[in-house]
Amino acid sequence: MDWNRIKTIFIVAFFILDLFLLFQFIQKQDSNQLDYMTETNIEEQLKADKITADNLPKEPTKDTYIMAKNKVFSDEDIRSLKNQTASLQDSNTISSKLKEPFGSSKATIGDNYSEFLRSYVIDGQKYSPAGKVEGSRVYFFQKYKDKPIYYNQHGMIVAELNEKKEIISYTQTMLYDFKEMGEQNKELDIISARNALETLYTKNELKQGSHVKGAKLGYATVVASSSSNVQVLVPTWNLYTDKMDYFVNAIEGQIIQLGKDNKENEQWSEGK
């Protein structure tokens, strides 16, 4: 056996391995330096454009896609409602007019409409009592694990207000049979609220002088099936200023257009 030849082969092999490890180390250092420079650059640009934010949440750092079904209401559901005239607008939607307006004096603190949800609607505890007032309407988002499901036309209550800001009527839809998706319900890494703000900035969504008052994690629909009444929802950051709400997919980082004129980012899929 040629030991000198074997020794030479080992020396060359270890040399190549050392070169590979050195290359990997340099590549990682360059990547870390680039990330740092990019982050620093964005911070400087935010300061230059006078874009500020209150203390943004640092948690959660993980979440998961969820799946839910659209609830089909029954005549029995309608009969259970008191002090109102209710009917089924369609199998998934209750439409109701209150016999007496629900006074805003009972719901002025933080726009908290807990009493209305408790007294007038089905399973009112499943909706966020912090109503989103927009013009003559109040939007109550359904919740999953205390996180709001933003502007989902199959999971919210839309209440109509009179000139005295009293609730006079509403429509209700509801999601049910929630299931967390993924292998063994494994949670995924999500971007931070700060990363979401930077995404809005780099996509020119935030104007100069904008002040982001806060951020809250919830969910938004990414795909839905009209035939099976099933939809998939993704963790979503809601960042808000005094005048605007912004929504960012917390897993993939895209901006999602939601609001009263665009209730959800659904992609209806026929026959699936």
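The values are calculated or read from the model by the stated rules, or taken from the named source; none is laboratory data. Since we're looking at a predicted model, the values are computed, not measured. Reconstructed Cβ throughout: ideal geometry from the backbone, glycine too, with neighbour counts over all protein chains shown.
Remarks
Listed here are the residues, each with its yes/no results for (1) assigned to a loop (DSSP other than H, G, I, E, B); (2) within 30 Å of Met174 (Cβ to Cβ); (3) among the basic types (Lys, Arg); (4) modelled with pLDDT of 85 or more.
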site: Ala13; (1), (2), (3), (4): no, no, no, no
site: Leu19; (1), (2), (3), (4): no, no, no, no
site: Phe23; (1), (2), (3), (4): no, no, no, no
site: Asn32; (1), (2), (3), (4): no, no, no, no
site: Tyr36; (1), (2), (3), (4): no, no, no, no
site: Gln45; (1), (2), (3), (4): no, no, no, yes
site: Glu59; (1), (2), (3), (4): yes, yes, no, yes
site: Lys69; (1), (2), (3), (4): no, yes, yes, yes
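- Residue selected from the range 160-187 under the condition in contact with a Ser or Thr (Cβ under 7 Å, 6 or more places away or on another chain) and of a type in the set (A, V, I, L, M, F, W, C), by the criterion surrounded by the most Cβ atoms within 10 Å (Cβ to Cβ): Leu161
- Scanning the range 229-243 for residues that are free of Cβ contacts under 8 Å to residues at least 60 places away in the same chain and either exposed (fewer than 14 other Cβ atoms within 10 Å of the Cβ) or over 24 Å from Gly135 (Cβ atoms) (or both) turns up Trp237, Asp242, Lys243.
- Among the residues examined, Ala193 does not qualify as surrounded by 15 or more Cβ atoms within 10 Å (Cβ to Cβ) and within 21 Å of Thr93 (Cβ to Cβ).
- Qualifying residue in the range 104-124 (condition: crowded, with 18+ Cβ neighbours inside 10 Å, modelled with pLDDT of 95 or more, more than 30 Å from Gln254 (Cα to Cα) and of a type in the set (Gly, Ala, Ser)): yes
- Within the range 163-189, the residues that satisfy the criterion of being at pLDDT 95 or above and out of contact with any Phe, Trp or Tyr (no Cβ under 6 Å at 6 or more places or on another chain) are Ile168, Ser169, Tyr170, Thr171, Gln172, Thr173, Met174, Leu175, Tyr176, Asp177.
- Set side by side, the residues Phe73, Phe141 differ, and just one is surrounded by 13 or more Cβ atoms within 10 Å (Cβ to Cβ) and part of a strand (DSSP E or B), which is Phe141.
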